[in-house]
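Okay, structure first, notes after.
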Amino acid sequence: MIDIELLRSDRARVEENLGRRRNPALLRLVAEVFEEDVAWRATVQEADRVRAQRNTLGQRIAAARKAGETTDALLAESKALPEALKEVERREAELRRSRDQHLARIPNLLDPSVPYGKDDTENVVVATWGSRGTVGAAKRPHGEALEELGWADFERARRASGAGFYYLEGPLVLLDLSLQRFALDFLVERGFTPVVPPFMLRREPYEAVTDLNDFESVMYKVEGEDVYLIATSEHPLAALYQGEILDEEAVPIRLAGLSVNFRREIGGHGVDQKGLFRVHQFSKVEQFVFCRPEDSPKIHEELRETAEEIFRRLEIPYRVVNVCTGDVGTIAAKKYDIEAWFPRQQAYREVVSCSNCTDYQARSLGIRLGRAGRPGKVVPHTLNSTAIATSRALVAIVEQHLQEDGRLEVPKVLRPYLGGREHLGPPRPRAHGAP
RNA sequence: GCUGAGGUAGCCUAGCCCGGCAAGGCGCCAGCCUUGAAAGCUGGUGGCGGCAACGCCACGGGAGUUCAAAUCUCCCCCUCAGCGCCA
């Protein structure tokens, strides 16, 4: 959430910033929070006065008892207080609940360098790498090709688990694992600590790290439990230090998350397309950083550079876009997307999302930065970026490196993880019949 | 799943039986002392509201009883240990 202190002290600045998101409802939300906060503070003072009265009387009763004096008059005076207090507390709690609920829906303040625009068509390309022209164009959609090779089974997965799921089989499993291992090693070299987080997260920390709308459209809820399947390791990594004070000497903390991610993908383009591009379940290596507020812009660029380098080493052409104000999302103050070139689709499609969330997540999680027992604590910044989401990377690799003879040329950097093999395949007959 | 023990400030612990201003230790900060440091001594060290004086809150969460709840009652959550089950 944003800092309500900022809203109190400089409402105009908050409104100006949120106005860039081109969503008039946000300004109404700000006005609502502002007014509820003023009213709430008034009731807090009201309640405090009643409590102070109660405390004073209580102490006088105790003192009178001790002195052996009569307490009838004091008791009579106290009688009415609990009811009055209960009434004020009810109003106070209601105002606070409502204010907090509205406050939680105010998105993060945008960095000034985020381009102004209405949607993803107005994102600004800031870098491109690799040649679109020289890549070999696969003839068919990757999903069909993989099924024919016996490297993935979408039909049986549909039968067993539903649309959007898949069985990875044979060499593709090894390729998937080699991508994960390559990305992890790459990050470890750069000072990241590998972390496999829980794949389920409770509602409370989840609300602190994600857009509240995601609970309806993105997350799978486990029935009968207060947990959700994670949509990315970013979320449990952010929650790792929930409620804690991070030592200012210990940051930046760089974590390399490895997890399977689960997404319902309701709305949008759905999962109707056969293949691995948009699926309910995929593996991802994620960069995540806790840092001092003043360091986050620089580290954001580092995360982006690291993600770019991974795609360069995989020899996958890409471009980087600076995501515009209308498309940047609730949590991030600034976001780069890396879009890989998909030759069959003749299109750049998102493979990396690299965000500076500033203090938005950390404040909701109650994470502070400083020294225990010493004043002057601040809210740290959090950043996250994909290193590699294997599903989409596999699509890009298959589309670019699958040869006419059905063999897949392995990108050089992955060969050490595959026993030095330069090619995967050729296809062999499936061990089972048609579904 | 069963049984038991727990959850108190950044950390550790007391207080709970028997209701009456949440105590102590560690750590940290400042001052005194010192050539300097340590030790020692003194004072600080959380959150909310308030311009401030100050007030309020904070004992896992919630509800109840009471003039008054860390303390009594009820419900819930979490952690640990043992047992059970289990890859």
Checklist entry - Hey, what's segment A:4-104 come to in accessible area per residue, 1.4 Å probe, Å²? => result 64 Å²
Item to check | Separation between Cα centres of segment A:10-40 and segment A:181-235, rounded to whole Å | outcome: 30 Å
Checklist entry - Can you list the HN-Hα couplings for segment A:32-46, worked out from phi with the Karplus curve (6.51, -1.76, 1.60; θ = phi - 60°), rounded to whole Hz and with x for Gly and Pro? => result 4, 4, 4, 5, 5, 5, 4, 5, 4, 4, 5, 6, 4, 5, 4
Checklist outcome for this item: Expected vector for segment A:59-64, Karplus 3J(HN,Hα) from phi with 6.51, -1.76, 1.60 and θ = phi - 60°, integer Hz, x for Gly and Pro, equals 5, 5, 5, 4, 5, 5
Checklist entry - What does the accessible area of residue A:378 come to, in Å² to the nearest 10, when a probe of 1.4 Å is used? => result 70 Å²
Item to check | Normalised contact order of segment A:120-424, rounded percent, pairs of Cα under 8 Å and 6 or more residues apart | outcome: 24 percent
Checklist outcome for this item: With a Förster distance of 25 angstrom and the Cβ-Cβ distance between residue A:144 and residue A:423, calculated FRET efficiency to the nearest 0.05 equals 0.75
Item to check | Two-site FRET efficiency, residue A:350 against residue A:94, from Cβ-Cβ distance with R₀ of 51 Å, rounded to 0.05 | outcome: 0.75
Next on the checklist: Run through segment A:205-278 and list the GluC sites (Glu not before Pro) located in a DSSP loop whose Cβ has at most 11 other Cβ atoms within 10 Å.
Outcome noted: A:223, A:225, A:249
Checklist entry - How about residue A:66: which lysines have a C-alpha closer than 22 Å to its C-alpha, ignoring those fewer than 8 places off in the same chain? => result A:79
Checklist entry - Given the options A:407, A:28, A:20, which has the most mean-square fluctuation in a GNM of chain A, springs set between C-alpha atoms less than 10 angstrom apart? => result A:28
Next on the checklist: Starting from the 7 Å offset along Cα-to-Cβ, what nm value, one decimal, do you get for the label separation of residue A:177 and residue A:189?
Outcome noted: 2.2 nm
Checklist outcome for this item: So, with points 7 Å from each Cα along the Cβ direction, the residue A:163-residue A:83 label distance in nm works out to 6.2 nm
Checklist entry - Remind me, what semi-axes does segment A:85-230 give for its equivalent ellipsoid, largest first in whole Å, using sqrt of 5 times each Cα gyration tensor eigenvalue? => result 41, 25, 19
Item to check | Calculated FRET value between residue A:56 and residue A:295, using beta carbons and R₀ = 56 Å, to 0.05 | outcome: 0.70
Checklist entry - Using unit Cβ charges (K, R positive; D, E negative) and no other charged atoms, how large, in debye to the nearest 20, is the dipole of segment A:1-134 about its Cα centre? => result 220 debye
Checklist entry - Stretched out fully, how many nm does the piece from residue A:75 to residue A:225 gain, at 0.36 nm a residue minus the Cα gap? => result 49.3 nm
Checklist entry - Counting only DSSP beta bridges with both residues in chain A, what percent are antiparallel, rounded to the nearest 5? => result 90 percent
Checklist entry - With θ set to phi - 60° and the Karplus curve 6.51 cos²θ - 1.76 cosθ + 1.60, what are the ³J(HN,Hα) couplings of segment A:206-213 in order, to the nearest whole Hz, using x for Gly and Pro? => result 5, 5, 6, 10, 9, 5, 4, 5
Next on the checklist: Here is the link list: A:118/A:298; A:118/A:377; A:284/A:335; A:118/A:412. Which ones come out longer than 29 Å on Cα distance?
Outcome noted: A:118/A:377; A:118/A:412
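Roughly speaking, to the nearest percent, how much of segment A:120-424's 1.4 Å accessible area is carbon and sulfur?
Its accessible area is 47 percent carbon and sulfur atoms.
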Checklist outcome for this item: Taking alpha-carbon centroids only, segment A:274-299 lies from segment A:66-132 a number of Å equal to 28 Å
Next on the checklist: Taking 2.2 N^0.38 Å as the expected size of a compact globular protein, what ratio does the Cα radius of gyration of segment A:4-104 give against it, to two decimals?
Outcome noted: 1.63
Checklist entry - So which trypsin sites (Lys or Arg not before Pro) in segment A:325-401 pass both tests, a DSSP loop state and at most 16 other Cβ atoms within 10 Å of the Cβ? => result A:371, A:377
Checklist entry - Rounded to the nearest whole Å², what accessible area per residue is found for segment A:151-201 with the 1.4 Å probe? => result 48 Å²
Checklist entry - Between Rg and the Kirkwood Rh of chain A, both from Cα atoms, what is the Rg to Rh ratio? => result 1.10
Checklist entry - By what distance, in whole Å, do the Cα atoms of segment A:1-54 stretch along each of the three principal axes, largest value first? => result 49, 17, 17
Item to check | Long-range HN-HN contacts of residue A:210 with modeled amide H, under 5 Å | outcome: none
Checklist entry - Are there chymotrypsin sites (Phe, Trp or Tyr not before Pro) in segment A:182-246 that DSSP marks as loop and that have at most 15 other Cβ atoms within 10 Å, and which are they? => result A:199
Checklist entry - When chain A is modelled as a GNM with alpha-carbon springs shorter than 10 Å, which of A:80, A:31, A:389 fluctuates the most? => result A:80
Next on the checklist: What number comes out for accessible area per residue over segment A:321-409 if the probe is 1.4 Å? Units Å², please.
Outcome noted: 29 Å²
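The values are calculated or read from the model by the stated rules, or taken from the named source; none is laboratory data. Quick caveat: nothing in here was measured; it's all calculated off a predicted structure. Neighbour counts are summed over all protein chains in view; Cβ atoms, including those assigned to glycine, are modelled from backbone coordinates with ideal geometry. Side chains included, ligands, DNA and RNA excluded: accessible areas come from the protein's heavy atoms. Shrake-Rupley method; radii C 1.70, N 1.55, O 1.52, S 1.80 Å.
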